[in-house]
Structures are given as structure tokens and as C-alpha cells.
Amino acid sequence: GVEQTSFLAMSERAMIDMCQITGRIEMRDKYVARLAKRTEAIRTKMWDPETKFFYSLYRDTDKKIPIKTLQGFLTMTAGLASEAQAKELVRQLTDPSLFWSKYPVTTSSMVEPTFKPDGFWRGDMWPPTNYLVALGLNRYGYYEIAIDLADKMQELLKKYDGHAYERYNGVTGDTLGVKDYCWGVATWSIAVNTIYGIQEDYRTIVIPPH
């Protein structure tokens, strides 16, 4: 899966940072090599040059599963996409016919036959995945789009009197799931990171160019 590969890469980046801080250089180099191998694999095996998107693979054949879902954008969160690949991903992310609905980001492309805006991971919208997408946009320098995403999430907070829900209808923004669910706080994290420049380590502040 693209998402699990991305999460593994994020874990490896964290290990590299911890090894650097603690002076475990030999272990750091092992994770650097592993991350480089993983990055090369996802850029070649999971990227489709025709549709310009990352797809999960069938386990035993490495054949791509040609369904466009939000997980393709997690390659930016993990720093796995090349600059050229990220540019294509952002183009599709912001396409109002694909993922950029009134309250993006839909978990599935809106042109997929299985798309349902209130379907469970079939087109709904979740605060924590939007948070991850925003981190990826900031990583690759797409600050304005990240701010637009943060603003849309803040709109939903205002719409429901400051309450954040477990998930939402991916088109209308209608609430789904549990009210005040724990990971709804990711809505504020998006604003903190994106609008105020506080980085994901919550120790560093970077003032965006704008």
C-alpha cells in the first residue's frame, strides 16, 4: 500500500533524526540507506507515468491497483515524491472534479465508480488525513494551497459552533461520525502549522514567504 509505505518512510526519517541527535551514526546510516531504497522503489514501482499518480500494488505481482485515492498524496507528507511528481499530484489535488471539493480533500477521487461522498473511505473527508496532506504541501512549498485547505477546515469549525467531527461528507461538509472526536484536534494543527509557520516538530517556527 502507498499509505503504509509512506508511514514506514516517516518512521525511518524519525529514526534518522533520533540517531543523529544521540550520535548513533552507524544506525543512522543504515536507516538512510533503507529510506533511499524505499524512495526509489515507490517512485518507480508505484508511480504511473500515464496518469501521473501513485497507486498501491497487488502484493504478489506488483501490478498497480488503478484507483485514485488520498493515499497518493501521502508520498508528499513522507517526502517520497520527486519535485516533478509532487507538481502533478498538486495539480490533481486541486482539481475540483477530482479531489478539491467544497470541503476537500475527498478520500477517493470523485470520478471513481465507487465514489460516495458519505461513504466510509470512499469519498468522505477526515481531519487527520487533511492534516497529513497539509504537511506534505508545506514540505514541497505549496503554502498557498495549504492555507486554502486550512481555511476550509476552519470554515467547518465555525459552521458547527467550534465542534470538530470524526469525519465529514466529502462534498457538502455535512457531519459524519462522532461529535468532538479526538482526532478532530487535527483541524487546529493544520492552522498552527500552515498559517502560523509552527513546524510539525512544534519546536521550530518558519515564516512562510508570503
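If you average the C-alpha positions of segment 114-193 and of segment 1-63 separately, how far apart do those two centres end up, in angstrom?
Taking the Cα centre of each part, segment 114-193 and segment 1-63 sit 26 Å apart.
Which of the pairs Lys30/Lys68; Lys45/Lys116; Lys37/Lys64; Lys45/Lys102; Lys68/Lys179 have their Cα atoms more than 21 Å apart in this structure? It would help to have the intermediate numbers written out before the result.
Numbers: Lys30/Lys68 33 Å; Lys45/Lys116 28 Å; Lys37/Lys64 19 Å; Lys45/Lys102 33 Å; Lys68/Lys179 29 Å.
Result: Lys30/Lys68; Lys45/Lys116; Lys45/Lys102; Lys68/Lys179 exceed 21 Å.
Once segment 68-175 is represented by equal point scatterers at the alpha-carbon sites, with solvent omitted, what log10 I(q)/I(0) does the Debye formula produce at q = 0.18 Å⁻¹?
At q = 0.18 Å⁻¹ the computed log10 ratios are -0.80.
Send over a whole-number figure in Å² for the accessible area per residue of segment 1-114, probe 1.4 Å. Walk me through the numbers on the way to the answer.
On the way: 6070 Å² over 114 residues.
Dividing the accessible area of segment 1-114 by its residue count gives 53 Å².
Determine the equivalent ellipsoid of the chain by diagonalising the alpha-carbon gyration tensor, then write out the semi-axes as square roots of 5 times the eigenvalues, largest first, rounded to whole Å.
Values: eigenvalues 152, 104, 45 Å².
Semi-axes, largest first: 28, 23, 15 Å.
With θ set to phi - 60°, apply the Karplus curve 6.51 cos²θ - 1.76 cosθ + 1.60 along segment 106-122 and write out the HN-Hα couplings as whole Hz, x wherever there is a Gly or Pro.
Taking θ as phi minus 60°, the curve returns 5, 6, 10, 4, 6, 9, 5, x, 8, 5, 9, x, 10, x, 5, 6, 10 Hz for segment 106-122.
Can you pull the percent of the chain's accessible area that's carbon plus sulfur, 1.4 Å probe, other chains left in place? Don't skip to the end; give the middle numbers.
Values: 6120 of 10950 Å².
Roughly 56 percent of what the probe reaches on the chain is carbon or sulfur.
Kindly report the accessible area of segment 161-200 per residue (heavy atoms of protein chains, probe 1.4 Å, no ligands, DNA or RNA), in Å². Walk me through the numbers on the way to the answer.
Details: 1970 Å² over 40 residues.
Using a 1.4 Å probe on heavy atoms only, each residue of segment 161-200 averages 49 Å².
Can you find, among Gly173, Thr129, Leu157, the residue sitting farthest towards the positive end of the charge dipole of segment 129-179, where Lys and Arg contribute +1 and Asp and Glu -1 at Cβ?
My answer, from the dipole projection, is Thr129.
If you wrap a convex hull around the alpha carbons of segment 5-106, what volume per residue comes out, as a whole number of Å³? Mind showing how you got there, number by number?
On the way: hull volume 11.0 nm³, N = 102.
Taking only Cα atoms, segment 5-106 has a hull volume of 108 Å³ per residue.
Do any GluC sites (Glu not before Pro) in segment 46-115 lie in a loop, going by DSSP, with at most 10 other beta-carbon atoms within 10 Å of their beta carbon, and if so which? Could you put the intermediate results ahead of the total?
Numbers: sites: Glu50, Glu83, Glu88; in loops: Glu50.
Sparse-neighbourhood loop GluC sites (Glu not before Pro): Glu50.
Would you mind putting 155-162, 8-15, 135-142 in packing order, based on average other-beta-carbon counts within 10 Å, highest first? Working shown, then result.
Values: 155-162: 12.6, 8-15: 16.5, 135-142: 21.1.
Result, highest mean Cβ count within 10 Å first: 135-142, 8-15, 155-162.
The values are calculated or read from the model by the stated rules, or taken from the named source; none is laboratory data. Values in this document were obtained by computation on a predicted structure and should not be read as measured data. Cβ sites come from the backbone with ideal geometry, for glycine too, and all protein chains shown count toward neighbours. We work out accessible area using only protein heavy atoms, side chains counted, and drop any ligands, DNA or RNA first. Shrake-Rupley method; radii C 1.70, N 1.55, O 1.52, S 1.80 Å.
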